[in-house]
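Heads up: the structure comes next, in C-alpha coordinates.
The values are calculated or read from the model by the stated rules, or taken from the named source; none is laboratory data. Since we're looking at a predicted model, the values are computed, not measured. With ideal geometry, Cβ positions are generated from the backbone for all residues, glycine too; neighbour counts draw on all protein chains shown.
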(Lines give C-alpha, C1' and ligand atoms only; values in the text may rest on other atoms or scores of the structure.)
Protein backbone atom coordinates (compact mmCIF):
# COMPACT_ATOMS: atom_id res chain seq x y z
CA UNK A 1 0.00 0.00 0.00
CA UNK A 2 1.39 3.34 -1.04
CA UNK A 3 0.78 6.54 0.94
CA UNK A 4 0.07 9.58 -1.19
CA UNK A 5 0.74 12.89 0.48
CA UNK A 6 -1.22 16.05 -0.21
CA UNK A 7 1.49 17.45 -2.48
CA UNK A 8 1.58 14.26 -4.51
CA UNK A 9 -2.18 14.20 -4.93
CA UNK A 10 -2.73 15.33 -8.54
CA UNK A 11 -6.40 16.19 -8.09
CA UNK A 12 -5.90 18.37 -4.98
CA UNK A 13 -9.47 17.61 -4.00
CA UNK A 14 -8.68 16.82 -0.41
CA UNK A 15 -7.92 19.86 1.72
CA UNK A 16 -7.78 18.90 5.38
CA UNK A 17 -8.93 21.49 7.89
CA UNK A 18 -8.64 21.35 11.64
CA UNK A 19 -11.07 23.28 13.80
CA UNK A 20 -11.52 23.53 17.52
CA UNK A 21 -12.88 26.20 19.79
CA UNK A 22 -9.50 26.48 21.55
CA UNK A 23 -7.68 27.14 18.27
CA UNK A 24 -10.34 29.65 17.27
CA UNK A 25 -10.05 31.47 20.61
CA UNK A 26 -6.26 31.55 20.33
CA UNK A 27 -6.42 32.94 16.79
CA UNK A 28 -9.03 35.52 17.83
CA UNK A 29 -6.85 36.69 20.75
CA UNK A 30 -3.85 36.98 18.43
CA UNK A 31 -5.83 39.13 16.01
CA UNK A 32 -7.20 41.31 18.82
CA UNK A 33 -3.69 41.98 20.10
CA UNK A 34 -2.63 42.99 16.58
CA UNK A 35 -5.64 45.31 16.34
CA UNK A 36 -4.77 46.89 19.67
CA UNK A 37 -1.26 47.72 18.46
CA UNK A 38 -2.62 49.26 15.27
CA UNK A 39 -5.31 51.15 17.19
CA UNK A 40 -2.71 52.64 19.54
CA UNK A 41 -0.53 53.69 16.62
CA UNK A 42 -3.49 55.28 14.82
CA UNK A 43 -4.61 57.06 18.01
CA UNK A 44 -1.09 58.41 18.46
CA UNK A 45 -1.02 59.67 14.86
CA UNK A 46 -4.44 61.31 15.34
CA UNK A 47 -3.20 62.85 18.61
CA UNK A 48 -0.19 64.40 16.86
CA UNK A 49 -2.43 65.72 14.07
CA UNK A 50 -4.76 67.17 16.73
CA UNK A 51 -1.85 68.97 18.40
CA UNK A 52 -0.72 70.45 15.09
CA UNK A 53 -4.20 71.45 13.92
CA UNK A 54 -5.71 72.61 17.21
CA UNK A 55 -2.45 74.19 18.42
CA UNK A 56 -3.31 73.13 21.95
CA UNK A 57 -2.04 70.10 23.85
CA UNK A 58 -4.99 70.29 26.26
CA UNK A 59 -7.65 70.24 23.51
CA UNK A 60 -5.85 67.41 21.74
CA UNK A 61 -5.69 65.41 24.98
CA UNK A 62 -9.39 66.00 25.69
CA UNK A 63 -10.26 64.93 22.14
CA UNK A 64 -8.36 61.65 22.51
CA UNK A 65 -9.90 61.00 25.94
CA UNK A 66 -13.36 61.65 24.49
CA UNK A 67 -12.69 59.19 21.67
CA UNK A 68 -11.55 56.57 24.19
CA UNK A 69 -14.62 57.10 26.34
CA UNK A 70 -16.91 56.87 23.32
CA UNK A 71 -15.50 53.44 22.51
CA UNK A 72 -16.28 52.33 26.07
CA UNK A 73 -19.83 53.73 25.91
CA UNK A 74 -20.36 52.03 22.56
CA UNK A 75 -19.23 48.69 23.99
CA UNK A 76 -21.59 49.13 26.96
CA UNK A 77 -24.56 49.88 24.70
CA UNK A 78 -23.65 46.97 22.41
CA UNK A 79 -23.35 44.38 25.16
CA UNK A 80 -25.33 45.85 28.07
CA UNK A 81 -28.35 47.52 26.53
CA UNK A 82 -28.80 45.66 23.23
CA UNK A 83 -27.37 42.46 24.81
CA UNK A 84 -25.47 41.27 21.77
CA UNK A 85 -22.82 38.83 23.00
CA UNK A 86 -21.53 37.70 19.61
CA UNK A 87 -18.14 39.17 18.77
CA UNK A 88 -16.70 38.69 15.31
CA UNK A 89 -13.41 39.63 13.74
CA UNK A 90 -15.04 42.66 12.14
CA UNK A 91 -15.76 44.17 15.55
CA UNK A 92 -12.07 45.06 15.72
CA UNK A 93 -12.64 47.53 12.89
CA UNK A 94 -15.07 49.51 15.04
CA UNK A 95 -12.16 51.13 16.87
CA UNK A 96 -10.75 52.54 13.63
CA UNK A 97 -14.15 53.75 12.45
CA UNK A 98 -14.83 55.50 15.75
CA UNK A 99 -11.38 57.14 15.74
CA UNK A 100 -11.89 58.38 12.16
CA UNK A 101 -15.42 59.70 12.64
CA UNK A 102 -14.65 61.33 15.99
CA UNK A 103 -11.48 62.97 14.66
CA UNK A 104 -13.43 64.37 11.73
CA UNK A 105 -16.11 65.68 14.09
CA UNK A 106 -13.50 67.42 16.25
CA UNK A 107 -11.92 69.07 13.23
CA UNK A 108 -15.29 70.29 11.95
CA UNK A 109 -16.37 71.60 15.37
CA UNK A 110 -13.06 73.36 15.94
CA UNK A 111 -13.10 75.01 12.53
CA UNK A 112 -16.74 76.08 13.00
CA UNK A 113 -15.89 77.53 16.43
CA UNK A 114 -13.16 79.71 14.95
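So which residues in segment 39-62 are surrounded by 15 or more Cβ atoms within 10 Å (Cβ to Cβ) and closer than 25 Å to residue 90 by Cα, if there are any at all? Within segment 39-62, 39, 42, 43, 46, 47 meet the criteria. Restricting attention to segment 81-96, the residues being surrounded by 10 or more Cβ atoms within 10 Å (Cβ to Cβ) and either in a helix (DSSP H, G or I) or on the phi > 0 side of the Ramachandran plot (or both) number 7.
Taking first residues from segment 21-40 that are under 21 Å from residue 64 (Cβ atoms) and partners that are surrounded by 11 or more Cβ atoms within 10 Å (Cβ to Cβ), the Cβ contacts under 6 Å between residues at least 6 apart in sequence or on separate chains come to 35/92; 39/95. Set side by side, the residues 99, 49 differ, and just one is in a helix (DSSP H, G or I) and either more than 30 Å from residue 27 (Cβ to Cβ) or modelled with pLDDT of 90 or more (or both), which is 49.
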